[in-house]
Number of protein chains: 2
Amino acid sequence: MAKRTGEKYEAIIDAAIRVIAENGYHNAQVSKIAREAKVADGTIYLYFENKDDMLISLFNEKMGAFIETVREATARVDSPSDQLRELMRLHFAQLEENPKMAIVTQIELRQSNRKVRQGIAETLKKYMDVIDDIIRSGIEQGIFRPDVDIRVARRMIFGTLDETVTSWIMNGCKYSLMDQVDPIHRLFLDGMGKEAPLQRDAHSEKEGNA
Amino acid sequence: MAKRTGEKYEAIIDAAIRVIAENGYHNAQVSKIAREAKVADGTIYLYFENKDDMLISLFNEKMGAFIETVREATARVDSPSDQLRELMRLHFAQLEENPKMAIVTQIELRQSNRKVRQGIAETLKKYMDVIDDIIRSGIEQGIFRPDVDIRVARRMIFGTLDETVTSWIMNGCKYSLMDQVDPIHRLFLDGMGKEAPLQRDAHSEKEGNA
DNA sequence: AGAAATTGAATGAATGGTCATTCACTAAGG
DNA sequence: CCTTAGTGAATGACCATTCATTCAATTTCT
């Protein structure tokens, strides 16, 4: 029971993406997905344990492939700064190319229940690890400041990409995400502050505040 | 019909926060919220149009008050850099102080349907405006680089704070959010890159890339 | 080869459980 | 005695999941 491959397996996953993106999570009934996949309701249960399992598989299948792509692409680049840019480009490209997938992962799947979110979290963790690796080698190679906290930087990077995409979707996918790569990359590397060493040292020296 | 004030009104909202935080959005039945508020199921419909309306009111009520606090606090500070720090401190303080509220706004309410999210978006927009104002005056006062795109910077700021809080919750609220204020603030202002003007100019000068 | 038996993928109507919402009723205050 | 706030059992809509049934393909038998 619950085959995890085959023509119908993929047809169902792709249909689920379309149905969820078009109708929203709460209106994505199993029967609607089945109809879109040109399959009977019951067939879905030959390929997935239940609806949750289908959603988790959907995410892991697509996100897993994406992470592999990012791993390969960043491995082909030397500078961690460029690796970061490459990751951002792929992140945006992937979602810009496939807005329905973007809607599903950025908006709709976040409405899922605890179990689904747990199944998703594991895969997401792998993406975080890719980001961590880039930051770590940036520090080791002396490209990034040695005192950046990897976890803090990772949350900034992921949080910014995520918010950028969410906001893009919420505004109807009108502009190009790819145009944002360089401004964001610059912001990550150089910050928004004017070069003013004195001002900066003032903060980092006193540290404690009420 | 649908009074939007009174003792019970607040009791219901507070009960909803507790029930949703403890049971998750999908197990927060109206009857459970009513019981927690020591009120009959039907009473909820004297104060709210329907369940959605209750959730939207919950968010707007609490978030609205928070935004007002931030507005007042940042108005008492001159430097946009410190205004930004103040906003971050309040953002983290508010959620650290009230983890149940944090769970509801960061995790559970994101599972709501389209209508709820729309109701929420409007209030969230006001928060974005506060962030925009800080960035804008930072640029005007020459504290921030004149070429930062306000929208890009805003998404970085909000996205980072949001991801930081979500990650804090997902890991069981074990560490202090407040400790993150300075490292993040530093990252926003100075970036993660080592001071290397030559490297930076390389990017900003050529611009286009395949 | 042809007939008969077996398999199991696929079907989709029926089921059962869950909840948001309603409304006929009660109680308290003026 | 009338009004208003509050009650909670009953209702009805919704939907994931099940399972008896179909049917095409494959295997076994004569």
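The values are calculated or read from the model by the stated rules, or taken from the named source; none is laboratory data. For clarity, every value in this text was computed on a predicted model and none was experimentally measured. Cβ placement follows ideal geometry from the backbone for every residue including glycine, while neighbour counts extend to all protein chains displayed. We work out accessible area using only protein heavy atoms, side chains counted, and drop any ligands, DNA or RNA first. Shrake-Rupley method; radii C 1.70, N 1.55, O 1.52, S 1.80 Å.
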Distances in nm from A:S176 to the matching label points in the other copies, shortest first (labels 7 Å along Cα to Cβ): 4.7
Quote to one decimal, in nm, the extra length available between A:D149 and A:Q118 on full extension: 0.36 nm per residue of separation minus the C-alpha distance between them. 8.6 nm
Under 9 Å from the Cβ of A:V30, count the other residues' Cβ atoms, weight Lys and Arg +1, Asp and Glu -1, and hand me the total. +1
A 1.4 Å probe over the protein heavy atoms gives chain B a carbon and sulfur accessible-area percentage of 50 percent
Hey, can you rank A:90-99, A:172-181 by average C-beta count inside 10 Å, highest first? A:90-99, A:172-181
With no solvent and one equal point scatterer placed on each C-alpha of the protein assembly as shown, evaluate the Debye formula and give log10 I(q)/I(0) for q = 0.06 Å⁻¹, two decimals. -0.27
Output row B,A: buried area (accessible, probe 1.4 Å, summed both chains) in Å², nearest hundred, equals 5100 Å²
Counting pairwise Cα distances across chain A, what percent come out greater than 30 angstrom? 34 percent
Every other copy gets compared here: list the nm distances from the A:R71 label point (7 Å along Cα to Cβ) to its counterparts, shortest first, one decimal. 5.0
Net charge over other residues, Cβ less than 13 angstrom from the Cβ of B:Y127 (K, R count +1; D, E count -1): -1
If you count, for each residue, the other Cβ atoms within 10 Å and average over each peptide, how do B:184-193, B:140-149, A:133-142, B:101-110 line up from highest to lowest? B:184-193, B:101-110, A:133-142, B:140-149
For segment B:1-49, the percent of all C-alpha pairs falling in each 10 Å bin, from 0 up to the bin holding the max distance, is 30, 56, 13
From highest to lowest solvent-accessible area (probe 1.4 Å; ligands, DNA and RNA excluded), A:R155, A:R35 read A:R35, A:R155
Amide hydrogen neighbours beyond the local backbone of B:F144, cut-off 5 Å, H modeled: A:K194, B:I139
At B:K100, label 7 Å along Cα→Cβ: distances to the other copies, nm, ascending? 4.2
Peptide B:180-188 - average C-beta neighbours from other chains (10 Å radius): 6
So, relative contact order of chain A in percent, Cα under 8 Å, 6 or more apart, is 21 percent
If each K or R counts +1 and each D or E counts -1, the residues other than B:N60 whose Cβ falls under 11 Å of its Cβ total 0
Relative packing of B:71-81, A:111-121, which averages over residues the other C-beta atoms within 10 Å, highest first: A:111-121, B:71-81
How many Cβ atoms of partner chains, on average, are near each residue of A:126-132 if near means within 10 Å of its Cβ? 0
Could you calculate the contour length gain from A:A65 to A:D78, that is, 0.36 nm times the residue separation minus the distance between their Cα atoms, to one decimal place in nm? 2.5 nm
Using a 10 Å cut-off on Cβ to Cβ distances, tally the other chain neighbours for every residue of B:101-114 and report the average as a whole number. 3
Relative contact order of segment A:1-49, pairs being alpha-carbon contacts under 8 Å that are 6 or more residues apart, as %: 51 percent
